[in-house]
Amino acid sequence: MAHVLVVTLNPALDLSIQLPQLEPGAVNRARSSHLAAAGKGLNVARVLVALGHRVTLSGFLGADNDTAFVQACQLDGIEDASLRLPGETRINAKLAEDDGRVTDINGPGIEVSEAALAELSTDLVARCETASPAAVVVTGSLPPGVTPEALAALIQALKTSGVPVWVDTSGPALASALAVLPHAAKPNEQELADWAGEPLTDASTQLDAARRLHAAGVEESILSLGAEGVLWISRRGEWQAIPPRVEVRNTVGAGDTLLAAMLHGVIADLSPQETLRQATALAAEAVRHVGVGDPHASDFQQLRQQTSVSRCGEAHVGRGV
Ligand SMILES: Nc1ncnc2c1ncn2[C@@H]1O[C@H](COP(=O)(O)OP(=O)(O)OP(=O)(O)O)[C@@H](O)[C@H]1O
Ligand SMILES: [Mg+2]
């Protein structure tokens, strides 16, 4: 069991509303509505806890509506170390209609001052120096007030403490984060294409870009490719995984599950094959339902066996090998 620090700068509460049919401009009656703590940090934290690790969750929360986060952390056994800011954590509304259409309305996020970011940075570095976590995960988008350059400075400060930094974000924030060479990154195809400056349309351009990220100095270069699986370039080799076929219900949280399970394999010192197999199987488990992957799912061992892992360039000899 290891200790991991997970940082989300721009968390959200998810407001899920189910209604027969959305009529813009009219009074709509919901069948049900539910407000829950959410965000990539909480997802990553939940998976790491399920895999047996101790997790401290940090970042920013609005002081006026933090109850759902406090309760979620208590329920899941996550240490809550988020800095409270005046105001409210943003709310992301998901309006789901009976025909399956989903409309997302995302809040802008709480404004973060330079002083607040400096306070968080000092707190995180102190935690790294005193508690020596096995890794720090920095995940999610940036709130108003935090620039990509400020994110890079935060990652640099964390790196100086000697703890490996794992990053999952997108756009200019990812470009800026990658420029200061975190230990690991898990872009998806679009995110890595943005960094590479070209579309990654086939296996060879994907492999080339993932290799370039590793060669630039990102030790664990993990490219997630949705249903096509994962490419992982590290000093322990070049690996690819193909997930089992599963019925897809909800892919939100699959990337977070993959990142957390890859981190688990690396810090638990599993073999590269086992690390990638377990992480790919768990991400496949996640897309079968709302929420993150559950390593205690009754058929998880089957999903593991049906996940194909091979060295890049070697042919996949069918699933389960
Ligand atoms: N349809 C699918 N079937 C099986 N596994 C899947 C499927 N979609 C995603 N996965 C698994 O989840 C991993 C992460 O998915 P994806 O590449 O879509 O991440 P992402 O775009 O970062 O997602 P997120 O919305 O969580 O940020 C994939 O590498 C794969 O292992
Ligand atoms: Mg993602």
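The values are calculated or read from the model by the stated rules, or taken from the named source; none is laboratory data. Note that this is a predicted model, so its numbers are computed, not measured. Here the Cβ positions follow ideal geometry from the backbone for every residue, glycine too, while neighbour counts run over all protein chains shown.
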I'd like to check something: does region 306-313 contain any residue that is away from ligand 2 (no atom under 16 Å from the Cβ), aliphatic (A, V, I, L, M), in a loop (DSSP other than H, G, I, E, B) and farther than 20 Å from Leu42 by Cα?
no
Quick one: Glu238 ticks every box in (1) within 25 Å of His183 (Cα to Cα); (2) surrounded by 13 or more Cβ atoms within 10 Å (Cβ to Cβ); (3) at pLDDT below 95; (4) not polar (S, T, N, Q) except a single one, so which number is it?
(3)
Just one of Ala227, Ala241, Ala261 is among the aliphatic types (A, V, I, L, M), within 12 Å of ligand 1 (Cβ to nearest atom) and farther than 26 Å from Ala134 by Cβ; which is it?
Ala227
Which residue out of Val163, Val137 is under 19 Å from Gly41 (Cβ atoms), touching a helix residue (DSSP H, G or I) at 6+ places or on another chain (Cβ under 6 Å), away from ligand 2 (no atom under 16 Å from the Cβ) and in contact (Cβ under 8 Å) with a residue 12 or more places away in the chain?
Val163
Residue check: is Pro272 within 27 Å of Ala2 (Cβ to Cβ), touching a residue at least 40 places away in the same chain (Cβ under 8 Å) and touching a Phe, Trp or Tyr at 6+ places or on another chain (Cβ under 6 Å)?
yes
Report, ordered by the first and then the second residue, all pairs with beta carbons closer than 8 Å, sequence separation of six or more or different chains, a first member in region 178-196 that is on the phi > 0 side of the Ramachandran plot, and a second member that is part of a helix (DSSP H, G or I) and more than 13 Å from ligand 2 (Cβ to nearest atom).
Leu181/Lys159; Leu181/Ala216
Gly59 fails exactly one of (1) closer than 24 Å to Arg127 by Cα; (2) in a strand (DSSP E or B); (3) touching an Asp or Glu at 6+ places or on another chain (Cβ under 6 Å), namely (3)
Quick one: how many residues across region 229-265 are under 20 Å from Gln302 (Cα atoms) and more than 15 Å from ligand 2 (Cβ to nearest atom)?
12
Regarding Thr275, is this residue within 14 Å of ligand 1 (Cβ to nearest atom), at pLDDT 95 or above and of a type outside the set (Gly, Ala, Ser)?
yes
Of all residues in region 108-133, which are touching a Pro at 6+ places or on another chain (Cβ under 9 Å) and surrounded by fewer than 19 Cβ atoms within 10 Å (Cβ to Cβ)?
Pro108, Glu111
Which residues, counting only those in region 260-302, are among the β-branched types (Val, Ile, Thr), closer than 23 Å to His34 by Cβ and buried (at least 20 other Cβ atoms within 10 Å of the Cβ)?
Val287, Val292
Subset of region 1-35, residues in contact with a helix residue (DSSP H, G or I) (Cβ under 8 Å, 6 or more places away or on another chain) and part of a loop (DSSP other than H, G, I, E, B), comes to Ala2, Leu9, Pro11
Residue list for region 100-151, restricted to those being in a loop (DSSP other than H, G, I, E, B) and charged (D, E, K, R)
Arg101, Glu111
